Structure formats: C-alpha cells, structure tokens
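Remarks on the structure that follows.
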Amino acid sequence: MALRPYWKGYLKLSLVTCPVSMMPATSEAEKVRFHTLNKETGNRVVSQYIDSVTGKPVKDDNEGKGYARGENDYVILTDDDLDAVALDTVKTIDIDKFAPANSIEWVYLEKPHYLMPDDPVGHEAFAVIRDAMKADKVVGISKLVIGRRERAVVLEPRDDGIVLWSLRFGDEVRPEENYFEDIEAEADKELIPLVQKLIKQKTARWSPDMVSDPIQDALLALIEQKKKQLKPKKTAKGKKADAAPASNVVNIMDALRKSVEADLKKKKAS
C-alpha cells in the first residue's frame, strides 16, 4: 500500500513550475511503541484536555491556540485565524537562491525529505531544475511552511529525485568555538601513524548494518518472551560488579599498539 504524501504543492524556479509531492526520508514506524494501560484492568488509558480552572473536559471544537500576554491572560487564535495568515510557502517551494553544494555545514541540516514530481506533465520541468543544479554543483535555497512554521530548506539533486533538507536557523546553532577552544590543538606526531594504521584496518564501505539498536532488539526479545508467557529468568543475587581498573591513567601509545595488534589477530582468525 502506497504511503500518502507528507506534503503536496509546487516547485518553482522563476517561470518554471511543476507539481511535486514530498515524503520524509526517515521513519521511526518500526520502533517499539507502548500504550499506557491501567495495570489493574489491562485497559488503555485515554488522555484528554481538561480545563485547568473548571476541571471539565474540553470539546475538540472549543480548543484553540493561546499566546500568553500576561499571567493567565491569553490571546486566543483559532485554526481559521492561523489559516488566514498562511504564507505562499504553504503550497510553493520557490527557489530564489543557490549555493555551492559543499558550502552548507552539516550542523545546519535538520531533517531530510524526498521530493518528486506529482504529475506526469511536470516530469520534464522537474528534471530540468534537477539536472541544472547537478551540472553546476549547487543546491537550491528556499522556504517552506512545515507544521505552521516557515522553515528554511535546501534542495539537493540526488539520483533521479531531489532531497529537501529542512535547515536550522542561525540562532539555533551553537558556535563550535565555545566548546572546542580548550582542546589542545597539537597531537603527538608519533601517535598519528598508529592511529592511521588502526583506522585503515577498521575501514570498510558504509553499510546500514554497521549501526544497530541493541535496546530495540532487547525489547523485541522481551516482548516475544511475554507473548509465549515464559517466566523471566531470575537474576543471580549478590553478584559482584566487575573490578574497576586500578587506574584511569593509560599509556596511549601502548593502548594504540594493542588495538592494532588485536585487530590484526581478529582479521587473521577470520
């Protein structure tokens, strides 16, 4: 079953326009999720909005957004009010600037989305914009309303489509100098070749299999046990914790040599 588009609208560059649709490039749908239950009855717990003064539930039709202008004093905005101030970027991605493809620092990239043509008629216009950016090795800079908030976005041509990244604003990014300034800049030059050797031994082409979620796997195993109504094994009481190392001070040269040797032994054994 095809997924519904997260957003539909138009991609525009000057006079070139085409209908497009957008889908999130990432998903957490496969993550284990829990419902809150009443342990006594096994029934689900339902949450609802309660008036903080009267203590009574609030109907959906009576819910509104409130902007605080003082203590317990709010300006109320309805959905109709919010729709009335909707910007053109609600339905149009108008590319008005370009930047070299490698000029945007990773820390500004927030969330990726896949952008694709939404109508056969628009394929040619989409392909022209995509391939022109590829040829000039640039990305497009634009704006788009996501969740009632206008966000800066960058459009990166990728294979047959375009990856749209939402961007963090400048005031959302903390300067790295505030955190790196006390780090010693120079490393021991004798140690660098050892680290390079270790890096070379451990380097392989990227694969999603390189990363995993052990907590997710453990939860799935636990749930499977519960399904089969197996009693959990009792943990041994009074087990002593592993002894801590005598000292936290290590010789980095020895540690690197041992790491290289251990890695080589593993490769020979395999």
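Below is a table of values for the structure above.
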| quantity | calculated |
| --- | --- |
| Cut-off under 5 Å, modelled amide H: who pairs with ILE93 long-range | TYR10, LEU11, LYS12 |
| Heavy-atom accessible surface of the stretch 169-225: percent carbon and sulfur, 1.4 Å | 57 percent |
| Exposed chymotrypsin sites (Phe, Trp or Tyr not before Pro) absent: longest stretch of the chain, with sites in DSSP loops and at most 13 other Cβ within 10 Å deemed exposed | 50-168 |
| Max mean-square fluctuation residue, GNM over the chain, Cα-Cα springs under 10 Å, options ALA68, ALA99, ALA29 | ALA68 |
| VAL195-ASP51 FRET efficiency (beta carbon distance; Förster radius 45 Å; 0.05 resolution) | 0.15 |
| Listed residue pairs exceeding 27 Å between alpha carbons, taken from LYS8/LYS111; LYS189/LYS258; LYS189/LYS268; LYS137/LYS197; LYS31/LYS227 | LYS189/LYS268; LYS137/LYS197 |
| The chain, relative contact order in percent, only Cα pairs under 8 angstrom and at least six apart counted | 17 percent |
| Interchain or long-range residues, amide H under 5 Å from GLY64's placed H | none |
| Efficiency of FRET between VAL16 and ASP254 - r from beta-carbon atoms, R0 45 angstrom, step 0.05 | 0.10 |
| Two-site FRET efficiency, VAL211 against ALA152, from Cβ-Cβ distance with R₀ of 35 Å, rounded to 0.05 | 0.80 |
| Longest site-free stretch - the chain; sites: GluC sites (Glu not before Pro), DSSP loop, at most 15 other Cβ within 10 Å | 191-270 |
| Length added when fully stretched, LYS39-LEU219, from 0.36 nm per residue minus Cα-Cα | 62.9 nm |
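The values are calculated or read from the model by the stated rules, or taken from the named source; none is laboratory data. Just so it is clear, the model here is predicted, and its values are computed rather than measured. Neighbour counts are summed over all protein chains in view; Cβ atoms, including those assigned to glycine, are modelled from backbone coordinates with ideal geometry. These accessible areas exclude ligands, DNA and RNA; they are computed on the full protein's heavy atoms, side chains included. Shrake-Rupley method; radii C 1.70, N 1.55, O 1.52, S 1.80 Å.
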